[in-house]
Amino acid sequence: MSDIRVRFAPSPTGYLHVGGARTALFNWLLARKQGGTFILRIEDTDVERSTQESVDAILQGMEWLGLDWDEGPFYQSDCFPLYKEHVQKLLDAGKAYKCYCSSEILDTKREQAMKDGRKPKYDGTCRDRTDQPADAPYVVRFRAPQGGVTSFDDLIKGTITFPNDELDDLIIQRTDGTPTYNFCVVIDDAIMRITTVIRGDDHVNNTPRQVQLYEAFGFPVPQFAHVPMILGDDKTRLSKRHGATSVIAYRDMGFLPEALMNYLVRLGWSNGDDEIFSRAEMIAKFDIGNVGRSASVFNTDKLLWLNAHYIKNGDPQRLAELLVPFLVERGIDPAAGGPLLAGVVKTLQERARTMLEMADGALFYYKAPESYDEAGMAKFEKAHLQAVYGAAAEKLTEATATTSPEFDAIFKDLCTENSWKMPQVGQPIRLALSGVMQAPGIGEIVVALGKEETVRRIRKALEAVSV
RNA sequence: GUCCCCUUCGUCUAGCCCGGCCCAGGACACCGCCCUUUCACGGCGGCGACACCGGUUCAAAUCCGGUAGGGGACGCCA
């Protein structure tokens, strides 16, 4: 048991997207590997944009992935008094000051600076102001050190140094008295005794300010690890316009949580040439130091490949349970009759890349074909089809045909007795049973369907070709 | 614009810290062949990259410098 403490701190302004999920995963992995503590904290200081729905969506996403936390969820909105108290401390120590500049003035100054090609930063108007306008609204700003540099060692990117003159006096408390993000993270991470801050690298620019805040309070500065972003296929920041980014959307598209986890862990991190990682393996092998420094592109093809792998090797019983909602969506209730779902799943495991594909492939088991693939039927003479169906129906009726070897024997007999070639028998039967040309092995289908239903479908096909 | 970061096959990456084993390895995708009663699975093979320029060195993907390109940040959002 180590005393490493990490946290995942999403802001509840939307669902859990894959980028956030990966950040959560890396935190979780580090905690689990080292026997540390993984804390979930909801950063909802922006009351305007935070919603309960988002909180629920985030928790749902984490639960689906199996990212369990040890403490929390804590809500920053519950801690306002604590932040206030710390703002006051800084004020009392002269390390923060009240600023009466209106946001309008600030905005115009910022625009002007951008236009002039200067870095837009607070000009320090109120930094040394001595008068205290009585009722004027104000924000509280941190009195950032001037001159010199602030640097920190990043576990992933190495040492990063910022000239202090690039940093301005950031607002730590808004006009309405609420604290701002950069201030809250520091207080929270310090109070929760976070030892390692793992977050997206869009935060590196915030880090020096936070370090200064830690130092102003005399808090120990945690270690930082900034993980690179996940990009869309056009190499820009992943967003809705790249398609699905929500973790739950992947579930609904028929992805397995272990596949998404495996994909995410390999995005930006690697362990030699290994591609497949079980939970236990990723925990055992994960090393934050092996995380790459550059952004990576989200590639659905590879995710699909991993998903296929986990479907192929999954437990049929569990897959069957996961498949039910997809079937119900297609108007089929496997519990209402028809072949045993786990048996159906077995015939589809090597063919489906997603549960959605599997559901589509499973439809014919529960709904006898009403029509037959025309191109497929057209390959055979009508008389041949009639002969095959007639002979097959007769032979199967006599047989037990409840196992695959049994069916194979019948199948072979049909071929030899009539001197037919395998495809001449196989394809017509496949058509009769599934209606389509691409389906699982006929033996598998027959076993799943059972003798009676098989015979029924062949007779139905016989009728169809006899009119 | 300013600051910070990044740069190996189309994509994910190994190798880089500790130069030679790398005319750069694996995986996905793609192409071909084999297996096969369909589709898939699987097997085998192919295509394909060290951003660029200079320097250091007997030797550089690996070290140093510069250039270019990309991303991020610059908010009383997080």
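The values are calculated or read from the model by the stated rules, or taken from the named source; none is laboratory data. Bear in mind the structure is a predicted one, so any value in this text is a computation, not a measurement. Here the Cβ is made from the backbone with ideal geometry for all residues, glycine too, and neighbour counts use every protein chain on show.
Structure notes:
- Test: residue in segment A:437-455 that is out of contact with any Leu (no Cβ under 8 Å at 6 or more places or on another chain) and farther than 21 Å from A:Gln349 by Cα: yes
- If only residues of segment A:352-375 that are within 10 Å of RNA strand B (Cβ to nearest atom) and within 19 Å of A:Pro257 (Cα to Cα) are counted, the one that is surrounded by the most Cβ atoms within 10 Å (Cβ to Cβ) is A:Ala352.
- Which listed residue is within 24 Å of A:Val186 (Cα to Cα) and over 40 Å from the mean Cα position of the chain (by Cα), from A:Leu82, A:Leu91: A:Leu91
- Flag if A:Phe26 is assigned to a strand (DSSP E or B), surrounded by 15 or more Cβ atoms within 10 Å (Cβ to Cβ) and touching a residue at least 60 places away in the same chain (Cβ under 8 Å): no
- Any hit, segment A:266-277, residues being within 14 Å of RNA strand B (Cβ to nearest atom), touching a residue at least 40 places away in the same chain (Cβ under 8 Å) and hydroxyl-bearing (Ser, Thr, Tyr): no
- Tally, over segment A:432-461, of residues that are out of contact with any Pro (no Cβ under 6 Å at 6 or more places or on another chain) and within 13 Å of RNA strand B (Cβ to nearest atom): 15
- Inspection of segment A:132-143 finds a residue satisfying the criterion of being under 30 Å from A:Val6 (Cβ atoms) and more than 10 Å from RNA strand B (Cβ to nearest atom).
- Flag if A:Ile410 is within 14 Å of RNA strand B (Cβ to nearest atom), free of Cβ contacts under 8 Å to residues at least 40 places away in the same chain and of a type in the set (A, V, I, L, M, F, W, C): yes
- Of the helices (runs of 4 or more DSSP H) that lie entirely inside segment A:317-398, those containing 3 or more residues that are over 25 Å from the mean Cα position of the chain (by Cα) and modelled with pLDDT of 90 or more span A:341-348, A:355-366, A:382-398.
- Residue match in segment A:285-303 (condition: in contact (Cβ under 8 Å) with a residue 12 or more places away in the chain, away from RNA strand B (no atom under 13 Å from the Cβ) and either buried (at least 19 other Cβ atoms within 10 Å of the Cβ) or farther than 30 Å from A:Val186 by Cβ (or both)): no
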